[in-house]
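Since every read-out is calculated from the coordinates, none of them should be taken as a lab result. Fair warning: this is a prediction, and the values are worked out from it, not measured in the lab. Counting neighbours? That spans all protein chains shown, and the Cβs are built from the backbone with ideal geometry, glycine included.
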């Protein structure tokens, strides 16, 4: 029994260690399964509009598994999106609609089960109106 548990643990560690985040970025849209731009770490919104932002993730070696994108605002979980991975080279994304009052520090964390694979931060700021 002990041997079986050790084998399962070893296999799960080596299997999850293979999962690789090849690319992750914030973008204003995804077209043909590709991000249209790279917003970097600053996202600007307008006072009277909802701003939609996407978090794009390219993963390898995860066919048949799931990833979870966790969207946090000032450390508080605002959304959790589970994404099914269909092949060993998979492009996927989640999005969040940001209200103007949700300015400040944001983070998206990418999880595989209980393992944090990567995270990225951005600051959401309202753009100054043009006069």
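The table below gives the values:
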read-out: For q = 0.10, 0.17, 0.21, 0.23 Å⁻¹, Debye-computed log10 I/I(0) when each Cα of segment 20-126 counts as one equal scatterer; value: -0.27, -0.75, -1.10, -1.28
read-out: Estimated FRET transfer efficiency when R0 is 30 angstrom, pair residue 31-residue 105 (beta carbons, to 0.05); value: 0.60
read-out: FRET efficiency, 1/(1 + (r/R0)^6) with R0 30 Å, evaluated for residue 81 and residue 22 via beta carbons; value: 0.95
read-out: Alpha-carbon centroids, segment 84-112 and segment 21-61: separation in whole Å; value: 8
read-out: Reciprocal mean inverse distance between Cα atoms of segment 76-131 - Kirkwood radius, Å; value: 13.9
